[in-house]
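Notes to accompany the following structure.
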Amino acid sequence: MAESAATSNRMLERVAMVLDAVDGSSASASELARRTGLSVSTVHRLALSMVEYGFLRRIDDGDFKLGHRFVRTALESIAAPVLTELRNATGETAQLWIRRGERRICRVTMDSQHELKATLPAGSVLELPNGSSGRLLSRDPEALDSVEQHGWVESVGRRTPGLGSVSAPVMLRDQMIATLCLAMPLIRVETSPGLDFGEKVVRAARLIGTELEMGKQL
């Protein structure tokens, strides 16, 4: 028991050392080793595990930075009030999704205030390509055609029976960096998720992209 506790304490101490080492600046594995006094192999394994749990994230050059558990990106900061306004205007749950490998991650969610609602907490991970955002992030041809024609793509009970959604791409410099999704119980849908709410979702997604384009960095 004491040995197990000591091992856990050592691991926590190392995690704290790595977090302190990236507080304020990014660092490579070798630089983390220099800052912490740990071996390169040890700190590299530990840093990769911390990435999986959101304590660290890797940037394009391979360096490590504080992860989403500590840092709210410009995308999330801009999206939060836009999603809140969309939720208030429609009464339904608004979410921001990004792609990571073959999965999608919910980065921001503003839940409907109805008792009956579609809801997933921020940080939820779903497999692609299910759902309107999943189809869009996986670049499903039919979904892309729908965006070309309408600006949005909808899902009617495809991922979860009884629930529907409509999603639009968030674009930055002609690249899709995220999707904005409005999800709702089908019992409150009059015609279809897209026809009922698509225009509002498209306007909100474009607003996020425009504000990012106006000089804010991801």
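Remark: segment 1-113 is approximated by an ellipsoid whose semi-axes, taken from the C-alpha gyration tensor as √(5λ), come to 35, 17, 12 Å, largest first.
Couplings for segment 134-151, taken from phi via the Karplus curve 6.51 cos²θ - 1.76 cosθ + 1.60 with θ = phi - 60°, read x, 5, 6, 5, 8, 6, 4, x, 5, 5, 5, 5, 5, 5, 4, 7, 10, x Hz in order; Gly and Pro are left as x. Cβ crowding within 10 Å, taken as a proxy for footprinting-reagent exposure, orders SER8, SER112, SER155 from fewest neighbours to most as SER8, SER112, SER155. For ARG188 and ASP23, what is the calculated FRET efficiency with R₀ set at 30 Å and r taken between the beta-carbons, to the nearest 0.05? The computed FRET efficiency comes out at 0.10. Amide H to amide H distances under 5 Å link SER124 with CYS106, where only residues 5 or more positions off or on other chains count and H is placed in the peptide plane.
In what order do ARG206, ARG135, ARG173 fall by count of nearby beta-carbon atoms within 10 Å, going from fewest to most? Provide the component values of the computation, followed by the final result.
Working: ARG206 17, ARG135 25, ARG173 8.
Final ranking by Cβ density, sparse to dense: ARG173, ARG206, ARG135.
Taking a sphere under 10 Å around the Cβ of GLY91 and counting the other residues whose Cβ falls inside, with K and R at +1 and D and E at -1, yields a net charge of +2. The calculated FRET efficiency for GLU199 paired with SER77, based on their beta-carbon distance and R0 = 22 Å, is about 0.35.
Size of segment 66-128: Rg and Dmax of its alpha carbons, in Å, are 12.2, 36. Annotation: amide H-H contacts under 5 Å for GLY164 (H modelled 1.01 Å from N, sequence separation of 5 or more, or interchain): GLY157, MET184, LEU186. Using only Cα positions of segment 177-218, each an equal point scatterer, no hydration layer, compute I(q)/I(0) via Debye at q = 0.14, 0.23 Å⁻¹ and quote the log10 values to two decimals. Values returned for q = 0.14, 0.23 Å⁻¹ are -0.41, -0.77.
As an exercise, take the mean of 1/r over every pair of distinct alpha carbons in segment 2-66, invert it, and state the Kirkwood radius in angstroms. The partial results should precede the final answer.
Details: mean 1/r = 0.0847 Å⁻¹.
For segment 2-66, inverting the mean 1/r across all distinct Cα pairs yields 11.8 Å.
Using a simple spin-label model with pseudo-atoms 7 Å out from Cα toward Cβ, VAL125 and THR42 lie 2.7 nm apart.
For segment 95-108, the Karplus equation 6.51 cos²θ - 1.76 cosθ + 1.60, evaluated at θ = phi - 60°, returns couplings of 9, 10, 10, 10, 9, 9, x, 9, 10, 10, 10, 7, 9, 9 Hz by residue, with Gly and Pro reported as x. Extension gain for the segment ASP174 to VAL51, taken as residue separation times 0.36 nm less the Cα-Cα distance, is 41.5 nm to one decimal.
Read-outs: derived from the displayed coordinates by stated rules, not from any lab. None of the values given here were measured: they were computed from a predicted structure. Positions of Cβ are generated from backbone atoms using ideal geometry, with glycine treated the same way; all protein chains shown enter the neighbour counts.
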